Amino acid sequence: MNIPNYLTLLRIVLIPVIVLVYYLPQPWSYQASACIFALAGITDWFDGYLARRLNQATPFGAFLDPVADKLMVAIALALLVEEFSHIWLTIPAIIIIGREIVISALREWMAEIGKRTSVAVSFIGKLKTAVQMLAIFLLLASPAGYLSTIFYIGISCLYLAAILTLWSMVVYLRTAWADLAPLKE
């Protein structure tokens, strides 16, 4: 175990805290859960930076980091879909969560055939993550029924994240298509 791995574990521990704080019957609960989500998002960047900078990348960290990210995003999106209970938030949430499942399966398949690096994280994937984290932060901070400027910026960012999500998925699938094509049997 090292500092980057502890930061990844901290991100997982913060997930139920985000949920519990979000549902507190307090006027500040939305903003507090958004701040905890932001802290967790910062640990995502920081653990990767430290793992590279300190040469502390481990197989455990390489496995757990994307799991923590996907759990955090999927659970936060589930909170938002439940809170807002409207199709205009559900559609981009389904796109984002669906893409994560497809790309996780693709990466697993590519690793199985020894080509994991051919589906490494791209610039579009990193941009998608940044916009997605910003969108979720803003939407967590905006209670349903209170349509503020922050909410509208958040929903706009969520749709931008969904578009980037689809774009990055196409990039990954095109990269791996030669190994996935049905004619390759």
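The values are calculated or read from the model by the stated rules, or taken from the named source; none is laboratory data. Bear in mind the structure is a predicted one, so any value in this text is a computation, not a measurement. Backbone-built Cβ (ideal geometry, glycine too); neighbour counts: all protein chains shown. All accessible areas refer to the heavy atoms of the entire protein, side chains included, with ligands and DNA or RNA removed. Shrake-Rupley method; radii C 1.70, N 1.55, O 1.52, S 1.80 Å.
Looking at segment 40-55, which of its residues are in contact (Cβ under 8 Å) with a residue 40 or more places away in the chain, open to solvent by less than 60 Å² (accessible area, probe 1.4 Å) and not charged (D, E, K, R)?
41, 48, 50, 51 - these are the residues of segment 40-55 that are in contact (Cβ under 8 Å) with a residue 40 or more places away in the chain, open to solvent by less than 60 Å² (accessible area, probe 1.4 Å) and not charged (D, E, K, R).
When you scan segment 22-34, do you find a residue that is hydroxyl-bearing (Ser, Thr, Tyr), more than 29 Å from residue 2 (Cα to Cα) and out of contact with any helix residue (DSSP H, G or I) (no Cβ under 9 Å at 6 or more places or on another chain), even just one?
Initial filter on segment 22-34 (hydroxyl-bearing (Ser, Thr, Tyr)): 22-23, 29-30, 33.
Those left that are additionally more than 29 Å from residue 2 (Cα to Cα): 22-23, 29-30.
Pick out the ones that are also out of contact with any helix residue (DSSP H, G or I) (no Cβ under 9 Å at 6 or more places or on another chain) and you get none.
Scanning segment 22-34 turns up no residue that is hydroxyl-bearing (Ser, Thr, Tyr), more than 29 Å from residue 2 (Cα to Cα) and out of contact with any helix residue (DSSP H, G or I) (no Cβ under 9 Å at 6 or more places or on another chain).
May I ask you to list the residues in segment 94-115 that are hydrophobic (A, V, I, L, M, F, W, C), under 30 Å from residue 148 (Cα atoms) and free of Cβ contacts under 8 Å to residues at least 40 places away in the same chain? Break it down stepwise before answering.
Of the residues in segment 94-115, the ones hydrophobic (A, V, I, L, M, F, W, C) are 94-97, 101-103, 105-106, 109-111, 113.
Filter again for under 30 Å from residue 148 (Cα atoms), leaving 94-97.
Correct list: 94, 97.
Please pick out the residue among 60, 37 that is touching a residue at least 12 places away in the same chain (Cβ under 8 Å), of a type in the set (Phe, Trp, Tyr), outside any loop (DSSP other than H, G, I, E, B) and within 16 Å of residue 3 (Cβ to Cβ). It would help to see each step written out before you state the result.
Details: 37 fails: within 16 Å of residue 3 (Cβ to Cβ).
Just one listed residue meets the conditions, 60.
Quick one: residue 6 ticks every box in (1) of a type in the set (Phe, Trp, Tyr); (2) open to solvent by 90 Å² or more (accessible area, probe 1.4 Å); (3) closer than 15 Å to residue 141 by Cβ except a single one, so which number is it?
All conditions are met except number (3).
Which pairs turn up if I take residues in segment 159-178 that are assigned to a helix (DSSP H, G or I) and look for partners that are buried (at least 17 other Cβ atoms within 10 Å of the Cβ) and among the acidic types (Asp, Glu) with beta carbon separation below 9 Å, at least 6 apart in sequence or on another chain?
Pairs that qualify, where the first residue is assigned to a helix (DSSP H, G or I) and the partner is buried (at least 17 other Cβ atoms within 10 Å of the Cβ) and among the acidic types (Asp, Glu), are 165/100.
Of the residues that sit in segment 19-34 and are outside any loop (DSSP other than H, G, I, E, B) and free of Cβ contacts under 8 Å to residues at least 60 places away in the same chain, which one is least open to solvent (accessible area, probe 1.4 Å)? Quick ask: steps written out before the conclusion?
Residues of segment 19-34 outside any loop (DSSP other than H, G, I, E, B): 19-22, 29-34.
Filter once more, so that each one left must be free of Cβ contacts under 8 Å to residues at least 60 places away in the same chain: 20-21, 29, 32.
Numbers: 20: 121, 21: 24, 29: 1, 32: 28 Å².
It comes out as 29.
Do we have residue 76 as open to solvent by less than 20 Å² (accessible area, probe 1.4 Å), more than 27 Å from residue 102 (Cβ to Cβ), not aromatic (Phe, Trp, Tyr) and not in a loop (DSSP other than H, G, I, E, B) here? Working first, answer last.
Details: open to solvent by less than 20 Å² (accessible area, probe 1.4 Å): yes; more than 27 Å from residue 102 (Cβ to Cβ): no; not aromatic (Phe, Trp, Tyr): yes; not in a loop (DSSP other than H, G, I, E, B): yes.
For residue 76, the condition - open to solvent by less than 20 Å² (accessible area, probe 1.4 Å), more than 27 Å from residue 102 (Cβ to Cβ), not aromatic (Phe, Trp, Tyr) and not in a loop (DSSP other than H, G, I, E, B) - is not met.
Restrict the check to segment 104-122 and report whether at least one residue is modelled with pLDDT of 95 or more, surrounded by 13 or more Cβ atoms within 10 Å (Cβ to Cβ), β-branched (Val, Ile, Thr) and out of contact with any strand residue (DSSP E or B) (no Cβ under 6 Å at 6 or more places or on another chain). Quick ask: steps written out before the conclusion?
At the first step, the residues of segment 104-122 found to be modelled with pLDDT of 95 or more are none.
There is no residue in segment 104-122 that is modelled with pLDDT of 95 or more, surrounded by 13 or more Cβ atoms within 10 Å (Cβ to Cβ), β-branched (Val, Ile, Thr) and out of contact with any strand residue (DSSP E or B) (no Cβ under 6 Å at 6 or more places or on another chain).
If you go through segment 147-154 one residue at a time, do you hit one that is in a loop (DSSP other than H, G, I, E, B), within 16 Å of residue 80 (Cα to Cα) and modelled with pLDDT under 90? Give the steps one after another, and end with the answer.
Step one: list which residues in segment 147-154 are in a loop (DSSP other than H, G, I, E, B), which gives 147-148.
When the remaining residues are screened for being within 16 Å of residue 80 (Cα to Cα), the result is 147-148.
Remaining after also requiring modelled with pLDDT under 90: 147-148.
Checking segment 147-154: at least one residue is in a loop (DSSP other than H, G, I, E, B), within 16 Å of residue 80 (Cα to Cα) and modelled with pLDDT under 90.
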